Amino acid sequence: KAGVTQTPRYLIKTRGQQVTLSCSPISGHRSVSWYQQTPGQGLQFLFEYFSETQRNKGNFPGRFSGRQFSNSRSEMNVSTLELGDSALYLCASSLDGEPRGGYTFGSGTRLTVV
Amino acid sequence: AQSVTQPDIHITVSEGASLELRCNYSYGATPYLFWYVQSPGQGLQLLLKYFSGDTLVQGIKGFEAEFKRSQSSFNLRKPSVHWSDAAEYFCAVGADFGNEKLTFGTGTRLTIIP
């Protein structure tokens, strides 16, 4: 079965702009989680969606938001971009979000803010 | 709240030598434990996971990990490394019951020398 698809793979944006990233989970999976990876902070949890509802949220400012559609595809949006938002953004697909089922990660979107 | 410590930032081993990457976790209940590997510019690939049962877990690419509750550890091992094992390795702990997310360690970068 197809894996987790994240688009785009690379993105360059200017400070102050906004950006939308997309994640298509494995077919049949209903949970999508988002993580930010930076050299300084490592891998940090952003939020998790299950059946179009946000169930958990990490410690990030309100500029970071997300949503999930009825087909389980998810988008995350970052508004008013800052240089510090430059990172690899990873999404993880899961059957129901529970760790017992495991998480499959996509290849990520590399965001560079200039 | 759960946490993960990977005390070794960088490890160098010779090709063919054995490998052990350390991971210590903190979690109040029985943890869900994972090891992921990340090649440069790529997403995370699951090596193995532990939920319950046998404390020695076998994974892909010849890796194994042992869960030791008394030491709060989940160390990753491989009897003989290959040059292709050079990558960054992340240990993670998962939670459930309303806190469905992964908490990652800071990672261990593995270099293989001929």
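Numbers below:
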quantity	calculated
Boolean, residue A:37 is in a strand (DSSP E or B) and either farther than 20 Å from residue A:110 by Cα or without any contact (Cβ under 8 Å) to a residue 40 or more places away in the chain (or both)	no
Qualifying residue in region B:25-32 (condition: closer than 22 Å to residue A:6 by Cβ and in contact with a Lys or Arg (Cβ under 8 Å, 6 or more places away or on another chain))	no
Matching residues, region A:56-66, being out of contact with any Ser or Thr (no Cβ under 7 Å at 6 or more places or on another chain), open to solvent by 40 Å² or more (accessible area, probe 1.4 Å) and not small (Gly, Ala, Ser)	A:57, A:59, A:61
Within region A:71-114, strands (runs of 3 or more DSSP E) holding 1 or more residues that are away from every other protein chain (no Cβ under 14 Å) and surrounded by fewer than 18 Cβ atoms within 10 Å (Cβ to Cβ)	A:74-78
Matching option when the condition is within 14 Å of another protein chain (Cβ to nearest Cβ), buried (at least 16 other Cβ atoms within 10 Å of the Cβ) and touching a residue at least 40 places away in the same chain (Cβ under 8 Å), among B:57, B:13, B:93, B:81	B:93
Subset of region B:30-42 that is at the interface with another protein chain (Cβ under 10 Å from one of its Cβ atoms), closer than 23 Å to residue B:96 by Cβ and not hydroxyl-bearing (Ser, Thr, Tyr) - its residue that is surrounded by the most Cβ atoms within 10 Å (Cβ to Cβ)	B:34
Checking residue A:3 against (1) open to solvent by less than 50 Å² (accessible area, probe 1.4 Å); (2) not in a loop (DSSP other than H, G, I, E, B), the condition it does not meet	(2)
Conditions (1) farther than 28 Å from residue B:33 by Cβ; (2) at pLDDT below 95; number of the one not met by residue A:78	(2)
The one condition in (1) in a strand (DSSP E or B); (2) open to solvent by 60 Å² or more (accessible area, probe 1.4 Å) that residue A:17 fails to fulfil	(1)
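The values are calculated or read from the model by the stated rules, or taken from the named source; none is laboratory data. All values derive from a computational prediction rather than experimental measurement. Using ideal geometry, Cβ is built from the backbone for each residue, glycine included, and neighbour counts are taken over all protein chains shown. Only protein heavy atoms, including side chains, enter the accessible area calculation; ligands, DNA and RNA are left aside. Shrake-Rupley method; radii C 1.70, N 1.55, O 1.52, S 1.80 Å.
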